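*Asks:* Have a look at the structure that comes next, please.
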Amino acid sequence: MNEPLKLKKAALQDLIDLLRREEFKVLGPVVREGSVAFHEVREVSDLPIGMRDAQEAGRYRLTPGVDGEIFGVVNGAGSLKPFFFAPHEILLEVRREHRGFKVRDATPAAPRLALIGVRACDLAALAIQDRIFLHDKFRDAHYEARRKDVFFVAVNCTRSAPTCFCVSMKTGPEAASGFDLAMTEMEDGFVVRTGSAAGERVVSKLQLPTAASEDVAKARARIDECASGMQRQMDTSDLPHLLYDEVDSPRWNDVAARCLSCTNCTMVCPTCFCHSVMDVQELDGNMSRRVRQWDSCFSLEHAHIHGINFRPRIHDRYRQWLTHKLASWIDQFGTSGCVGCGRCITWCPVGIDLTEEVAAIRAQRGKH
(Lines give C-alpha, C1' and ligand atoms only; values in the text may rest on other atoms or scores of the structure.)
Protein backbone atom coordinates (compact mmCIF):
# COMPACT_ATOMS: atom_id res chain seq x y z
CA MET A 1 0.00 0.00 0.00
CA ASN A 2 1.28 3.45 -0.93
CA GLU A 3 2.13 6.13 1.61
CA PRO A 4 -1.01 7.79 3.04
CA LEU A 5 -1.53 11.41 2.08
CA LYS A 6 -3.68 14.24 3.51
CA LEU A 7 -6.34 16.16 1.61
CA LYS A 8 -7.80 19.13 3.45
CA LYS A 9 -11.56 19.49 3.16
CA ALA A 10 -11.11 22.87 1.54
CA ALA A 11 -9.03 21.15 -1.15
CA LEU A 12 -11.76 18.67 -2.13
CA GLN A 13 -12.94 21.28 -4.61
CA ASP A 14 -9.44 21.20 -6.15
CA LEU A 15 -9.87 17.46 -6.77
CA ILE A 16 -13.24 18.00 -8.43
CA ASP A 17 -11.87 20.84 -10.56
CA LEU A 18 -8.83 18.78 -11.59
CA LEU A 19 -10.95 15.83 -12.68
CA ARG A 20 -13.21 18.14 -14.68
CA ARG A 21 -10.16 19.68 -16.37
CA GLU A 22 -9.12 16.14 -17.26
CA GLU A 23 -12.45 15.96 -19.14
CA PHE A 24 -14.19 13.67 -16.67
CA LYS A 25 -17.84 14.10 -15.90
CA VAL A 26 -17.72 14.11 -12.10
CA LEU A 27 -20.52 12.30 -10.29
CA GLY A 28 -21.13 12.02 -6.57
CA PRO A 29 -23.91 11.42 -4.04
CA VAL A 30 -26.48 14.18 -4.42
CA VAL A 31 -29.80 14.58 -2.60
CA ARG A 32 -32.73 13.74 -4.86
CA GLU A 33 -36.31 13.15 -3.71
CA GLY A 34 -35.46 12.28 -0.13
CA SER A 35 -32.53 9.98 -0.89
CA VAL A 36 -29.07 10.24 -2.43
CA ALA A 37 -28.05 9.10 -5.89
CA PHE A 38 -25.06 9.66 -8.14
CA HIS A 39 -25.52 12.85 -10.16
CA GLU A 40 -23.17 15.43 -11.63
CA VAL A 41 -21.14 17.36 -9.07
CA ARG A 42 -19.48 20.67 -9.89
CA GLU A 43 -19.11 22.09 -6.39
CA VAL A 44 -18.47 20.48 -3.01
CA SER A 45 -21.73 22.13 -1.91
CA ASP A 46 -23.58 19.75 -4.27
CA LEU A 47 -22.73 16.90 -1.89
CA PRO A 48 -24.96 16.06 1.15
CA ILE A 49 -22.89 18.02 3.69
CA GLY A 50 -24.04 17.67 7.28
CA MET A 51 -26.56 14.94 6.50
CA ARG A 52 -26.91 11.30 7.47
CA ASP A 53 -29.27 8.49 6.56
CA ALA A 54 -31.56 6.62 8.93
CA GLN A 55 -32.21 3.16 7.53
CA GLU A 56 -34.20 0.21 8.82
CA ALA A 57 -36.03 -2.66 7.15
CA GLY A 58 -38.58 -0.98 4.89
CA ARG A 59 -37.59 2.54 5.96
CA TYR A 60 -35.24 5.27 4.67
CA ARG A 61 -34.93 8.89 5.79
CA LEU A 62 -32.33 11.62 5.47
CA THR A 63 -31.66 13.35 8.77
CA PRO A 64 -29.44 16.16 10.09
CA GLY A 65 -25.96 14.81 10.76
CA VAL A 66 -22.62 16.22 11.87
CA ASP A 67 -21.80 19.78 10.82
CA GLY A 68 -19.17 19.79 8.09
CA GLU A 69 -19.30 16.04 7.48
CA ILE A 70 -19.35 15.54 3.71
CA PHE A 71 -19.89 11.80 3.31
CA GLY A 72 -22.10 11.03 6.30
CA VAL A 73 -24.79 9.40 4.15
CA VAL A 74 -23.86 5.75 3.65
CA ASN A 75 -25.91 5.08 0.50
CA GLY A 76 -29.22 5.47 -1.25
CA ALA A 77 -31.23 3.21 -3.50
CA GLY A 78 -28.98 3.80 -6.49
CA SER A 79 -25.70 1.91 -6.91
CA LEU A 80 -23.07 2.06 -9.66
CA LYS A 81 -24.88 -0.56 -11.73
CA PRO A 82 -26.97 1.76 -13.98
CA PHE A 83 -23.87 3.56 -15.24
CA PHE A 84 -22.44 0.38 -16.77
CA PHE A 85 -25.38 -2.02 -17.18
CA ALA A 86 -28.01 0.36 -18.53
CA PRO A 87 -31.63 -0.09 -17.39
CA HIS A 88 -32.83 0.26 -21.01
CA GLU A 89 -30.74 0.32 -24.16
CA ILE A 90 -30.78 -0.43 -27.86
CA LEU A 91 -28.43 -3.28 -28.78
CA LEU A 92 -28.71 -2.99 -32.55
CA GLU A 93 -30.88 -1.58 -35.33
CA VAL A 94 -31.95 -3.27 -38.53
CA ARG A 95 -33.16 -0.96 -41.32
CA ARG A 96 -34.69 -1.94 -44.65
CA GLU A 97 -32.69 -0.52 -47.57
CA HIS A 98 -33.61 -1.12 -51.22
CA ARG A 99 -33.88 -4.88 -51.64
CA GLY A 100 -31.91 -5.75 -48.54
CA PHE A 101 -31.31 -4.46 -45.05
CA LYS A 102 -28.55 -2.82 -43.04
CA VAL A 103 -27.57 -3.69 -39.47
CA ARG A 104 -26.15 -0.97 -37.24
CA ASP A 105 -24.39 -1.82 -34.02
CA ALA A 106 -25.59 0.51 -31.27
CA THR A 107 -22.57 0.24 -28.96
CA PRO A 108 -22.66 3.47 -26.91
CA ALA A 109 -20.10 6.25 -26.96
CA ALA A 110 -19.62 6.39 -23.21
CA PRO A 111 -18.51 9.58 -21.40
CA ARG A 112 -15.44 9.64 -19.18
CA LEU A 113 -16.79 9.34 -15.65
CA ALA A 114 -15.20 10.14 -12.31
CA LEU A 115 -17.24 8.84 -9.41
CA ILE A 116 -16.61 10.39 -5.98
CA GLY A 117 -17.91 8.88 -2.75
CA VAL A 118 -18.06 5.25 -3.90
CA ARG A 119 -18.40 2.76 -1.04
CA ALA A 120 -16.43 -0.46 -0.66
CA CYS A 121 -19.51 -2.65 -1.09
CA ASP A 122 -20.33 -1.00 -4.42
CA LEU A 123 -16.77 -1.49 -5.68
CA ALA A 124 -17.07 -5.16 -4.72
CA ALA A 125 -20.40 -5.32 -6.54
CA LEU A 126 -18.86 -3.78 -9.66
CA ALA A 127 -16.12 -6.43 -9.60
CA ILE A 128 -18.88 -9.05 -9.61
CA GLN A 129 -20.59 -7.33 -12.55
CA ASP A 130 -17.23 -7.33 -14.35
CA ARG A 131 -17.04 -11.08 -13.78
CA ILE A 132 -20.47 -11.49 -15.35
CA PHE A 133 -20.12 -9.18 -18.34
CA LEU A 134 -16.39 -9.17 -19.13
CA HIS A 135 -14.53 -12.24 -17.88
CA ASP A 136 -16.12 -14.98 -19.96
CA LYS A 137 -15.54 -15.88 -23.59
CA PHE A 138 -18.44 -13.67 -24.71
CA ARG A 139 -17.82 -10.11 -23.53
CA ASP A 140 -20.67 -7.60 -23.43
CA ALA A 141 -19.59 -4.78 -25.75
CA HIS A 142 -22.03 -2.24 -24.28
CA TYR A 143 -20.92 -2.85 -20.71
CA GLU A 144 -17.28 -2.86 -21.80
CA ALA A 145 -17.62 0.51 -23.57
CA ARG A 146 -19.07 2.15 -20.45
CA ARG A 147 -16.62 0.48 -18.08
CA LYS A 148 -13.51 1.89 -19.78
CA ASP A 149 -11.69 4.97 -18.52
CA VAL A 150 -13.64 5.45 -15.28
CA PHE A 151 -11.96 7.09 -12.29
CA PHE A 152 -13.12 5.92 -8.84
CA VAL A 153 -12.71 7.90 -5.63
CA ALA A 154 -13.77 5.55 -2.83
CA VAL A 155 -14.79 6.72 0.62
CA ASN A 156 -14.11 4.23 3.41
CA CYS A 157 -17.06 3.90 5.77
CA THR A 158 -16.63 5.32 9.26
CA ARG A 159 -20.27 4.62 10.12
CA SER A 160 -22.65 1.93 8.93
CA ALA A 161 -26.37 1.94 8.39
CA PRO A 162 -28.36 -0.50 10.55
CA THR A 163 -29.09 -2.55 7.42
CA CYS A 164 -25.43 -2.96 6.42
CA PHE A 165 -23.65 -6.32 6.80
CA CYS A 166 -20.60 -5.92 4.55
CA VAL A 167 -18.30 -7.32 7.23
CA SER A 168 -20.06 -10.69 6.96
CA MET A 169 -19.57 -10.66 3.19
CA LYS A 170 -15.93 -9.49 3.46
CA THR A 171 -16.57 -6.50 1.19
CA GLY A 172 -16.09 -3.57 3.59
CA PRO A 173 -16.14 -1.17 5.30
CA GLU A 174 -12.71 -0.38 3.83
CA ALA A 175 -12.20 -0.44 0.07
CA ALA A 176 -9.67 -3.15 -0.75
CA SER A 177 -9.36 -2.79 -4.53
CA GLY A 178 -10.93 -1.33 -7.63
CA PHE A 179 -10.32 2.32 -6.71
CA ASP A 180 -7.97 5.00 -7.98
CA LEU A 181 -8.14 6.96 -4.73
CA ALA A 182 -9.56 5.87 -1.37
CA MET A 183 -10.35 8.48 1.27
CA THR A 184 -11.19 8.22 4.96
CA GLU A 185 -12.98 11.30 6.27
CA MET A 186 -11.66 13.10 9.36
CA GLU A 187 -12.87 16.34 10.98
CA ASP A 188 -10.51 18.55 8.98
CA GLY A 189 -9.86 16.49 5.87
CA PHE A 190 -9.23 13.06 4.42
CA VAL A 191 -6.52 10.45 4.71
CA VAL A 192 -5.94 9.41 1.10
CA ARG A 193 -4.43 6.28 -0.43
CA THR A 194 -3.81 5.66 -4.10
CA GLY A 195 -4.80 2.45 -5.83
CA SER A 196 -3.67 2.95 -9.42
CA ALA A 197 -1.26 4.81 -11.66
CA ALA A 198 -4.10 7.18 -12.57
CA GLY A 199 -4.61 7.91 -8.89
CA GLU A 200 -0.89 8.56 -8.44
CA ARG A 201 -0.95 11.08 -11.28
CA VAL A 202 -3.89 12.94 -9.75
CA VAL A 203 -2.36 13.26 -6.27
CA SER A 204 0.94 14.37 -7.77
CA LYS A 205 -0.85 17.21 -9.54
CA LEU A 206 -2.61 18.15 -6.29
CA GLN A 207 0.75 18.03 -4.46
CA LEU A 208 -0.75 16.43 -1.37
CA PRO A 209 1.41 16.22 1.74
CA THR A 210 2.09 13.01 3.64
CA ALA A 211 -0.53 12.31 6.30
CA ALA A 212 0.61 12.56 9.92
CA SER A 213 0.89 9.25 11.73
CA GLU A 214 -1.78 10.46 14.20
CA ASP A 215 -4.24 11.00 11.35
CA VAL A 216 -3.48 7.58 9.86
CA ALA A 217 -4.07 5.95 13.25
CA LYS A 218 -7.35 7.84 13.74
CA ALA A 219 -8.53 6.87 10.27
CA ARG A 220 -7.78 3.21 10.98
CA ALA A 221 -9.60 3.41 14.31
CA ARG A 222 -12.69 4.89 12.65
CA ILE A 223 -12.85 2.13 10.05
CA ASP A 224 -12.33 -0.55 12.70
CA GLU A 225 -15.03 0.97 14.90
CA CYS A 226 -17.43 0.94 11.95
CA ALA A 227 -16.69 -2.74 11.35
CA SER A 228 -17.06 -3.77 15.00
CA GLY A 229 -20.27 -1.79 15.42
CA MET A 230 -22.12 -3.27 12.45
CA GLN A 231 -25.57 -4.29 13.65
CA ARG A 232 -26.47 -6.99 11.13
CA GLN A 233 -24.52 -10.08 10.23
CA MET A 234 -24.88 -13.23 8.17
CA ASP A 235 -23.29 -16.58 8.91
CA THR A 236 -21.90 -17.71 5.54
CA SER A 237 -19.93 -20.68 6.85
CA ASP A 238 -22.25 -23.34 5.43
CA LEU A 239 -23.35 -21.58 2.26
CA PRO A 240 -24.22 -22.67 -0.39
CA HIS A 241 -24.96 -26.12 1.09
CA LEU A 242 -27.52 -24.78 3.56
CA LEU A 243 -29.80 -23.43 0.84
CA TYR A 244 -29.35 -26.47 -1.39
CA ASP A 245 -30.24 -28.77 1.52
CA GLU A 246 -33.24 -26.68 2.55
CA VAL A 247 -35.02 -26.41 -0.80
CA ASP A 248 -38.19 -27.69 0.93
CA SER A 249 -37.87 -25.59 4.09
CA PRO A 250 -41.23 -24.32 5.42
CA ARG A 251 -39.59 -20.88 5.73
CA TRP A 252 -40.07 -20.35 1.99
CA ASN A 253 -43.85 -20.38 2.53
CA ASP A 254 -43.50 -17.99 5.44
CA VAL A 255 -41.55 -15.39 3.48
CA ALA A 256 -43.76 -15.84 0.40
CA ALA A 257 -46.78 -14.87 2.49
CA ARG A 258 -45.11 -11.49 3.13
CA CYS A 259 -43.34 -10.89 -0.20
CA LEU A 260 -45.17 -8.66 -2.69
CA SER A 261 -43.03 -9.83 -5.62
CA CYS A 262 -42.62 -6.12 -6.39
CA THR A 263 -39.00 -6.51 -7.68
CA ASN A 264 -37.69 -3.65 -5.48
CA CYS A 265 -34.92 -5.82 -4.05
CA THR A 266 -33.56 -6.74 -7.47
CA MET A 267 -33.82 -3.19 -8.83
CA VAL A 268 -31.73 -1.73 -5.98
CA CYS A 269 -29.33 -4.68 -5.81
CA PRO A 270 -25.91 -3.65 -7.19
CA THR A 271 -25.24 -7.12 -8.67
CA CYS A 272 -28.55 -8.46 -10.01
CA PHE A 273 -28.34 -8.67 -13.79
CA CYS A 274 -31.58 -10.30 -15.00
CA HIS A 275 -32.79 -8.68 -18.20
CA SER A 276 -35.13 -9.23 -21.10
CA VAL A 277 -34.41 -8.71 -24.78
CA MET A 278 -37.13 -7.82 -27.28
CA ASP A 279 -37.42 -6.73 -30.89
CA VAL A 280 -39.42 -3.55 -31.42
CA GLN A 281 -40.59 -2.73 -34.95
CA GLU A 282 -41.70 0.58 -36.38
CA LEU A 283 -45.21 0.67 -37.80
CA ASP A 284 -44.03 1.07 -41.41
CA GLY A 285 -41.95 -2.11 -41.17
CA ASN A 286 -38.73 -0.39 -42.24
CA MET A 287 -36.94 -0.41 -38.89
CA SER A 288 -36.50 -2.93 -36.10
CA ARG A 289 -34.59 -2.39 -32.88
CA ARG A 290 -33.32 -5.03 -30.50
CA VAL A 291 -33.77 -3.64 -26.99
CA ARG A 292 -32.44 -4.86 -23.66
CA GLN A 293 -33.99 -3.77 -20.39
CA TRP A 294 -33.73 -4.73 -16.76
CA ASP A 295 -35.98 -7.55 -15.62
CA SER A 296 -36.32 -9.48 -12.39
CA CYS A 297 -36.65 -13.10 -11.38
CA PHE A 298 -39.51 -11.87 -9.17
CA SER A 299 -41.65 -10.88 -12.15
CA LEU A 300 -44.13 -13.56 -13.18
CA GLU A 301 -43.33 -13.21 -16.89
CA HIS A 302 -39.61 -13.78 -16.41
CA ALA A 303 -40.14 -17.52 -15.91
CA HIS A 304 -42.67 -17.89 -18.74
CA ILE A 305 -41.33 -19.80 -21.74
CA HIS A 306 -43.11 -21.73 -24.50
CA GLY A 307 -46.49 -21.49 -22.80
CA ILE A 308 -45.27 -22.74 -19.41
CA ASN A 309 -44.34 -20.78 -16.29
CA PHE A 310 -41.86 -22.76 -14.23
CA ARG A 311 -41.97 -20.36 -11.23
CA PRO A 312 -45.67 -19.56 -10.91
CA ARG A 313 -45.66 -18.91 -7.14
CA ILE A 314 -43.97 -16.17 -5.11
CA HIS A 315 -42.60 -19.05 -3.01
CA ASP A 316 -40.74 -20.28 -6.10
CA ARG A 317 -39.44 -16.87 -7.07
CA TYR A 318 -38.16 -15.83 -3.66
CA ARG A 319 -36.44 -19.18 -3.23
CA GLN A 320 -34.84 -18.79 -6.68
CA TRP A 321 -33.58 -15.29 -5.89
CA LEU A 322 -32.09 -16.07 -2.49
CA THR A 323 -30.63 -19.42 -3.54
CA HIS A 324 -29.05 -17.93 -6.63
CA LYS A 325 -27.74 -14.89 -4.77
CA LEU A 326 -26.09 -16.83 -1.94
CA ALA A 327 -25.50 -20.31 -3.37
CA SER A 328 -25.59 -21.09 -7.10
CA TRP A 329 -23.98 -17.72 -7.89
CA ILE A 330 -20.89 -19.08 -6.16
CA ASP A 331 -20.96 -22.13 -8.45
CA GLN A 332 -21.37 -19.94 -11.54
CA PHE A 333 -18.99 -17.08 -10.82
CA GLY A 334 -16.83 -18.13 -7.88
CA THR A 335 -18.25 -15.49 -5.56
CA SER A 336 -21.43 -14.70 -3.69
CA GLY A 337 -23.86 -12.37 -5.43
CA CYS A 338 -24.39 -10.42 -2.21
CA VAL A 339 -22.05 -7.67 -0.99
CA GLY A 340 -23.91 -6.78 2.22
CA CYS A 341 -24.98 -3.27 1.19
CA GLY A 342 -28.40 -3.84 2.80
CA ARG A 343 -30.36 -2.05 0.08
CA CYS A 344 -32.73 -4.98 -0.45
CA ILE A 345 -33.65 -4.78 3.26
CA THR A 346 -34.11 -1.02 3.36
CA TRP A 347 -36.09 -0.71 0.16
CA CYS A 348 -38.37 -3.74 0.65
CA PRO A 349 -41.86 -2.26 1.23
CA VAL A 350 -42.64 -4.93 3.84
CA GLY A 351 -39.16 -5.03 5.40
CA ILE A 352 -38.10 -8.56 4.45
CA ASP A 353 -34.55 -9.10 5.71
CA LEU A 354 -32.47 -11.73 3.90
CA THR A 355 -30.12 -12.08 6.88
CA GLU A 356 -33.14 -12.95 9.01
CA GLU A 357 -34.41 -15.42 6.39
CA VAL A 358 -31.08 -17.24 6.19
CA ALA A 359 -30.90 -17.44 9.99
CA ALA A 360 -34.46 -18.81 10.14
CA ILE A 361 -33.74 -21.44 7.49
CA ARG A 362 -30.65 -22.47 9.44
CA ALA A 363 -32.66 -22.69 12.68
CA GLN A 364 -35.21 -24.97 10.99
CA ARG A 365 -32.60 -27.12 9.27
CA GLY A 366 -33.53 -30.81 9.28
CA LYS A 367 -36.73 -30.27 11.33
CA HIS A 368 -39.21 -30.89 8.51
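*Asks:* For the subset of the range 50-68 comprising residues that are in a loop (DSSP other than H, G, I, E, B) and out of contact with any Asp or Glu (no Cβ under 7 Å at 6 or more places or on another chain), which member is nearest to V350 (Cα to Cα)?
*Replies:* G58
*Asks:* Do you know which residues across the range 198-227 are under 27 Å from F24 (Cβ atoms) and either among the polar types (S, T, N, Q) or touching a Lys or Arg at 6+ places or on another chain (Cβ under 9 Å) (or both)?
*Replies:* Result: G199, S204, Q207, L208, P209, T210, A211.
*Asks:* From A37, A11, A77, which residue is touching a residue at least 24 places away in the same chain (Cβ under 8 Å) and part of a strand (DSSP E or B)?
*Replies:* When all the criteria are applied, what remains is A37.
*Asks:* Determine which member of the set C272, C265 is in a helix (DSSP H, G or I) and either without any contact (Cβ under 8 Å) to a residue 24 or more places away in the chain or buried (at least 16 other Cβ atoms within 10 Å of the Cβ) (or both).
*Replies:* The unique qualifying residue is C265.
*Asks:* Looking only at residues that are of a type in the set (V, I, T) and assigned to a helix (DSSP H, G or I) in the range 180-211, which one is surrounded by the most Cβ atoms within 10 Å (Cβ to Cβ)?
*Replies:* Here the residue is V202.
*Asks:* Then there's this: If you go through the range 295-310 one residue at a time, do you hit one that is of a type in the set (A, V, I, L, M) and either part of a loop (DSSP other than H, G, I, E, B) or at pLDDT 95 or above (or both)?
*Replies:* no
The values are calculated or read from the model by the stated rules, or taken from the named source; none is laboratory data. This is a predicted model, so every value here is computed, not measured. Here Cβ is always computed from backbone atoms with ideal geometry, including for glycine, and neighbour counts include all displayed protein chains.
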